[in-house]
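Remarks on the structure that follows.
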């Protein structure tokens, strides 16, 4: 379970709550629209979708005990869920429009798992463009280097 322990010892759990909390620590970043606004509820809508429809459905794909039948069912399920996101991204650069938000960071991270579990997303051109757009962001590059996911560019 995702867990964040604050400096005062208070513990916050659940990924989507942690994502919003961290984004709210730096409101000037624009990673989360202001509380109480429709764009904030759209952010929560996307975070919920990514969490429930994508994130949790990757879990069985990482387990060596998952049967081939269940593995294929999860892949088919994920492809249907990615189709909706691809349609959204075909009309705008980011999930909520023209502005990169915490939902985009979450989608980027989860979608990077596809290659590790043999999920072919090549049919989703807008999603592929999105992944490249996000991967080219300097902060994303720095985070991926720090995590050992890519090597530092020369």
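Taking first residues from region 65-77 that are touching a residue at least 12 places away in the same chain (Cβ under 8 Å) and at negative phi and partners that are surrounded by 13 or more Cβ atoms within 10 Å (Cβ to Cβ) and assigned to a loop (DSSP other than H, G, I, E, B), the Cβ contacts under 9 Å between residues at least 6 apart in sequence or on separate chains come to 74/66; 74/119; 75/119. When 61, 43, 47, 31 are screened for being in a helix (DSSP H, G or I) and touching a residue at least 60 places away in the same chain (Cβ under 8 Å), only 43 passes.
Residues in region 36-69 that are over 15 Å from residue 110 (Cα atoms) and in contact with a helix residue (DSSP H, G or I) (Cβ under 6 Å, 6 or more places away or on another chain) were compared, and the one that is surrounded by the fewest Cβ atoms within 10 Å (Cβ to Cβ) is 66.
Step by step: first the residues of region 112-131, then only those that are free of Cβ contacts under 8 Å to residues at least 40 places away in the same chain and within 25 Å of residue 18 (Cα to Cα), then the one that is surrounded by the most Cβ atoms within 10 Å (Cβ to Cβ). Which residue is that? Per the stated criteria, the residue is 114. Selection of region 77-102 for residues being touching a strand residue (DSSP E or B) at 6+ places or on another chain (Cβ under 8 Å) and closer than 16 Å to residue 15 by Cα yields only 101. For region 114-138, a residue qualifies if it is in a helix (DSSP H, G or I) and within 11 Å of residue 89 (Cβ to Cβ), and the qualifying residues are 125, 126, 127, 128, 129, 130, 131, 133, 134. Among the residues of region 73-96, not a single one is farther than 18 Å from residue 121 by Cα and part of a helix (DSSP H, G or I).
Quick note: the coordinates plus some simple rules give every number you see, no bench work behind them. All of these numbers come straight from a predicted model, not from anything done at the bench. Because the Cβ atoms are built from the backbone with ideal geometry, glycine has one as well, and the counts that use them run over all protein chains shown.
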